[in-house]
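I have placed the structure first, in the form of structure tokens, so that the comments after it can refer back to it.
The values are calculated or read from the model by the stated rules, or taken from the named source; none is laboratory data. Note that the structure is a prediction, hence the values are computed from the model and not measured. Because the Cβ atoms are built from the backbone with ideal geometry, glycine has one as well, and the counts that use them run over all protein chains shown. For the accessible areas, the whole protein counts, side chains as well, though only heavy atoms, and no ligand, DNA or RNA atoms are used. Shrake-Rupley method; radii C 1.70, N 1.55, O 1.52, S 1.80 Å.
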Amino acid sequence: MKRSPTSRLVLAGSLGLLVAAGALTVASTADAATTLGASAAASGRYFGTAVAAYKLSDSTYSGILNREFNSVTPENEMKWDATEPTQGQFSYTSADQIVARARSIGAKVRGHALAWHSQQPGWAQSLSGTTLRNAMLNHVTQVATHYKGQIDSWDVVNEAFADGSSGARRDSNLQRTGNDWIEAAFRAARAADPAAKLCYNDYNTDGQNAKSNAVYAMVQDFKSRGVPIDCVGFQSHFNSASPLPSDYQANLQRFANLGVDVQITELDIEGSGTAQANSFAAATRACLAVTRCNGITVWGIRDSDSWRASGTPLLFDGSGNKKAAYTAVLDVLNGGTTPTTPPTTPPTTPPTTPPSGSGCTSAISLNQWNGGFVATVKVTAGATRLNGWTVNVTLPSGAAVTNTWNATASGTSFTNVSYNGSVNAGASTEFGFQGTGTGPSVSTCTAR
């Protein structure tokens with residue numbers, strides 16, 4: 001997961017007519033005017049959220065889910081480590097619980113994710129070559145077969161391209177089984193569940209850049225050779241350091257022009273107030289303006305449910321109250337015109353007082369589930385500019401780090417990479433890591 005960029009997007013008048021006409025297809029215009037899912041359905045789209053099974057017993061969480069969303073994505077429950085913890089022995093209890101809830105409220109299900117370099121069970125991490133390739137294909141086949149007919153769209157392969165300017169594939173154990181591994185995964189998924197849409201999903205591909213160009217070339221190649229691919233997912237994790245790009249809508253459209261659907265799959269936007277509301281509205285307009293944009297999924301329900309909770313990046317606050325961003329999104333879905341001006345500056349978080357003295361501080365936001373976690377660490381400069389930083393964390397016994405982004409890891413010590421070492425006084429940057437076991441709550445930051 002990561003972040004990338006929109007800016008100036010104008011909703012064509014014809015789109016407003018489309019939304020108005022589409023409203024006739026829903027049972028109640030009143031419903032369409034008051035909930036995200038029903039309003040999206042008026043134009044033939046969905047508005048969904050990522051869900052954690054263990055939170056379904058929270059009445060506030062479940063109440064918002066049941067009322068607002070018409071698509072559901074399991075956060076972690078369908079990933080390889082959750083569904084096949086021991087080779088050949090499959091576990092679907094938590095994922096089945098989410099699918100059952102989705103069906104009970106009439107929501108679609110986005111399956112996430114069949115093949116990924118991260119959150120692999122330990123036994124898969126120890127494999128390589130043909131043995132790993134066969135294990136991956138068996139996993140794809142078994143999980144897609146289990147949910148055959150119940151999944152609207154599958155993230156068949158997740159995050160297979162490297163960050164930066166190379167446009168290369170990410171070096172991973174799956175990539176080392178051969179460059180055709182993505183194609184093989186898609187063909188296996190199609191054979192197992194012919195009716196589901198098959199998507200490639202990634203982050204930092206929201207605007208045109210080396211990474212999105214590489215994904216574009218892959219999709220173009222797949223379409224030309226008849227490899228089964230139906231959609232591309234854009235994670236769209238945004239913050240002040242990586243806001244919505246000005247070519248967000250154009251980028252979605254160029255992929256759609258290849259003959260695939262596009263989906264905004266993990267939207268969250270750090271910030272608050274009008275700036276955040278305008279950014280959410282702009283992202284929503286972009287989807288509505290692209291005919292083949294099926295819908296939008298926000299990655300979590302309340303700010304407190306987010307993997308980057310300290311950035312308050314969602315549509316509901318920690319108590320479940322609707323934020324300004326919620327109202328802005330609903331207004332756009334209903335064909336409204338406010339806010340009329342997309343953001344001209346990146347979304348920002350409320351101003352904070354810089355820590356006294358030189359150096360830096362760090363704070364951890366944790367998304368924990370049974371057996372694993374994602375940690376997001378915010379590094380904040382003190383009274384003087386940082387030219388580099390190192391954060392050390394304390395892992396509980398039995399925990400281990402399996403994947404890192406926006407930092408270089410050495411054990412439990414994390415150092416900035418080339419593009420985020422310079423941090424102005426009082427400003428912040430973020431990095432993250434995934435792991436097994438229980439996540440850390442303690443970290444220390446040192447300026448370099």
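Inside the stretch 254-275, residues that are of a type in the set (A, V, I, L, M, F, W, C), open to solvent by 10 Å² or more (accessible area, probe 1.4 Å) and either part of a strand (DSSP E or B) or under 22 Å from Gly311 (Cβ atoms) (or both) make up a count of 1. Just one of the numbered conditions (1) surrounded by fewer than 17 Cβ atoms within 10 Å (Cβ to Cβ); (2) farther than 24 Å from Gln434 by Cβ is not true of Ala107: (1).
Considered as a group, the residues in the stretch 190-202 that are out of contact with any Phe, Trp or Tyr (no Cβ under 8 Å at 6 or more places or on another chain) and in a loop (DSSP other than H, G, I, E, B) include one that is surrounded by the most Cβ atoms within 10 Å (Cβ to Cβ), and that residue is Pro194.
Considering only residues in the stretch 163-176 that are open to solvent by less than 60 Å² (accessible area, probe 1.4 Å) and in a loop (DSSP other than H, G, I, E, B), the one that is farthest from Asn138 (Cα to Cα) turns out to be Gly164.
Here is a yes/no grid of residues against (1) open to solvent by 30 Å² or more (accessible area, probe 1.4 Å); (2) among the small types (Gly, Ala, Ser); (3) assigned to a strand (DSSP E or B); (4) touching a residue at least 12 places away in the same chain (Cβ under 8 Å):
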{"position": "Gln368", "(1), (2), (3), (4)": "yes, no, yes, yes"}
{"position": "Ala375", "(1), (2), (3), (4)": "no, yes, yes, yes"}
{"position": "Thr380", "(1), (2), (3), (4)": "no, no, yes, yes"}
{"position": "Pro396", "(1), (2), (3), (4)": "yes, no, no, yes"}
{"position": "Thr402", "(1), (2), (3), (4)": "yes, no, yes, yes"}
{"position": "Gly421", "(1), (2), (3), (4)": "no, yes, no, yes"}
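Just the residues that are of a type outside the set (D, E, K, R), closer than 27 Å to Lys378 by Cα, open to solvent by less than 10 Å² (accessible area, probe 1.4 Å) and in a loop (DSSP other than H, G, I, E, B), please, taken from the stretch 276-330. Within the stretch 276-330, Trp299, Gly300, Ile301, Ser306, Trp307, Pro313, Leu314, Leu315 meet the criteria.
Within the stretch 434-448, the set of residues being small (Gly, Ala, Ser), open to solvent by less than 70 Å² (accessible area, probe 1.4 Å) and either on the phi < 0 side of the Ramachandran plot or in contact with a helix residue (DSSP H, G or I) (Cβ under 8 Å, 6 or more places away or on another chain) (or both) comprises Gly435, Gly439, Ser443, Ala447. Scanning the stretch 203-221 for residues that are open to solvent by 10 Å² or more (accessible area, probe 1.4 Å), of a type outside the set (A, V, I, L, M) and farther than 23 Å from Ser306 by Cα yields Gln208, Asn209, Asn213, Tyr216, Gln220, Asp221. State yes or no: is Gly233 modelled with pLDDT of 95 or more and of a type in the set (Gly, Ala, Ser)? Yes; evaluated as a whole, the condition is true for this residue. Sort out which residues of the stretch 154-178 are touching an Asp or Glu at 6+ places or on another chain (Cβ under 8 Å) and closer than 25 Å to Ser126 by Cβ, and write them in order of number. Asn158, Glu159, Ala160, Phe161, Ala162, Arg170 - these are the residues of the stretch 154-178 that are touching an Asp or Glu at 6+ places or on another chain (Cβ under 8 Å) and closer than 25 Å to Ser126 by Cβ. For the stretch 223-246: of the residues being open to solvent by 10 Å² or more (accessible area, probe 1.4 Å) and without any contact (Cβ under 8 Å) to a residue 60 or more places away in the chain, which is farthest from Phe186 (Cα to Cα)? Looking at residues that are open to solvent by 10 Å² or more (accessible area, probe 1.4 Å) and without any contact (Cβ under 8 Å) to a residue 60 or more places away in the chain, I get Ser224. Within the stretch 62-100, the set of residues being open to solvent by 20 Å² or more (accessible area, probe 1.4 Å), touching a residue at least 24 places away in the same chain (Cβ under 8 Å) and among the charged types (D, E, K, R) comprises Arg67, Glu77, Asp81.
For the stretch 382-394, the set of residues classified as open to solvent by 20 Å² or more (accessible area, probe 1.4 Å), closer than 16 Å to Thr444 by Cβ and not in a strand (DSSP E or B) consists of Thr394 only. Just one of (1) out of contact with any Leu (no Cβ under 6 Å at 6 or more places or on another chain); (2) at negative phi; (3) not in a helix (DSSP H, G or I) trips up Gly149, so point out which. (2) is the only condition that Gly149 fails.
Given the structure, is Gln119 in contact with a Gly (Cβ under 7 Å, 6 or more places away or on another chain), in a loop (DSSP other than H, G, I, E, B) and open to solvent by 10 Å² or more (accessible area, probe 1.4 Å)? Yes, satisfied. For Asn179, the requirement of being farther than 22 Å from Ala102 by Cα, in a loop (DSSP other than H, G, I, E, B) and at pLDDT 95 or above is met.
With the structure loaded, tell me whether Ser413 is without any contact (Cβ under 8 Å) to a residue 24 or more places away in the chain, surrounded by fewer than 16 Cβ atoms within 10 Å (Cβ to Cβ) and within 19 Å of Phe373 (Cβ to Cβ) or whether it fails that test. Answer is yes for this residue. Could you check the stretch 404-419 and list, in sequence order, the residues that are part of a loop (DSSP other than H, G, I, E, B) and among the polar types (S, T, N, Q)? Those that are part of a loop (DSSP other than H, G, I, E, B) and among the polar types (S, T, N, Q): Asn406, Thr412, Asn416, Ser418.
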